[in-house]
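Working notes for the structure below.
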Ligand SMILES: NC(=O)c1ccc[n+]([C@@H]2O[C@H](COP(=O)([O-])OP(=O)(O)OC[C@H]3O[C@@H](n4cnc5c(N)ncnc54)[C@H](OP(=O)(O)O)[C@@H]3O)[C@@H](O)[C@H]2O)c1
């Protein structure tokens, strides 16, 4: 049984590899990466490092050779490009004879979500289901890690800003999502054609998050509900691509409608413990 992880030089992928190494032998693990030289540390551990890119069907098909189970970690591009890339990855897996695909989707995927990347994930989920391969869909909620981007400004000014209002979002640490993926990859036969909603233990507001930062740092930190256009201006000022600016600002529009507040128990069922709370994550990160 050989298991492959794409995007293994990325943040989630490298954590999935770490958790999978605790569960199966290194020589049962392969990775597909765009730049193999960046994965020398994995090769040293006995992992089979292969060259793959979702933009190249032939290369990706070669990367999937002799693989039983593959985790496709979603990429980063505008919607049309990414939908085509993910479809290429699925086509390549099927052509190479992969038996089971695992995919990192998003929580509550919708075609018309304000979080515009959601439509990519819905398309990829459906494409995987139509492929006829066995599958497991991991509907990941938003990374708690993303919250740390606002911390330096908060510590400097006392203001923790986001256009979030009273929205509750079920943030969950990236590391926990990686462990859940590793559990599935280590025992794919237990997760055939399953879809898991991987959320934090509760939906947290940004006021609560500000209070967590204040508690651990001892500083006075308040949540500032940014107007949407101010938030967009901040994202543009750091030169993010337009599709990312639209997606990130839309995330909060959807969150205010309640799109990302529903809590699921699937993480605990899979991993055998609840995920780290956002409060504990923030506290550990800022110690
Ligand atoms: N749930 C959330 O809150 C959240 C937040 C951010 C992103 N995401 C999604 O989750 C994914 C993983 O998150 P992350 O934190 O690990 O992001 P990351 O560190 O940016 O990693 C993204 C990975 O995707 C790979 N990739 C990009 N384009 C590719 C292509 N054309 N072919 C093959 N691989 C490609 C990258 O390869 P290289 O290593 O070669 O660059 C990288 O390893 C992201 O790509 C994004 O789709 C989710």
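Quick notes
- Between residue 99 and residue 43, the modelled labels are 2.9 nm apart [label points 7 Å from Cα along Cα→Cβ].
- Percentage, to the nearest whole number, of Cα pairs in the stretch 175-287 over 21 Å apart: 56 percent
- Residues residue 225 and residue 286, FRET efficiency given R0 of 22 Å [Cβ-Cβ distance, rounded to 0.05]: 0.50
- In percent, rounded to a whole number, the relative contact order of the chain is 19, using alpha-carbon pairs under 8 Å and six or more apart.
- Counting all C-alpha pairs of the stretch 114-190, share separated by more than 20 Å (%): 53 percent
- Sorted fewest first by neighbouring Cβ atoms within 10 angstrom, 121, 243 come out as 243, 121.
- Shape parameters for the stretch 149-238, alpha-carbon atoms, Rg then Dmax in Å: 17.3, 51
- Between the stretch 170-216 and the stretch 23-101, the alpha-carbon center distance in angstrom: 23 Å
- The stretch 205-287 - percent relative contact order, Cα under 8 Å, separation 6 or more: 36 percent
- Averaging the sequence gap over all C-alpha pairs within less than 8 Å and six or more residues apart, then dividing by the number of residues, gives the stretch 13-73 a relative contact order of 26 percent.
- Exposure proxy order (Cβ contacts within 10 Å, fewest to most) of 139, 273, 23: 273, 23, 139
- Ranked for footprinting exposure by Cβ neighbours inside 10 Å, fewest first, 28, 242 give 242, 28.
- Computed [θ] at 222 nm, deg cm²/dmol, the chain (DSSP H ≥ 4; -39,500 (n - 2.57); rounded to nearest 500): -13000 deg cm²/dmol
- Just so you know, the averaged projected area of the alpha carbon convex hull for the stretch 1-86 sits at 5.2 nm².
- Taking the DSSP beta bridges with both ends in the chain, the antiparallel portion is around 5 percent.
- With a cut-off of 15 Å on the backbone N, the residues of the stretch 258-273 near the modelled label site 7 Å out from residue 187 along Cα-Cβ are 266-273.
- Calculated FRET value between residue 159 and residue 265, using beta carbons and R₀ = 30 Å, to 0.05: 0.30
Every number here is computed from the coordinates shown, using simple stated rules; none is lab data. Computed from a predicted structure; not experimentally measured. With ideal geometry, Cβ positions are generated from the backbone for all residues, glycine too; neighbour counts draw on all protein chains shown.
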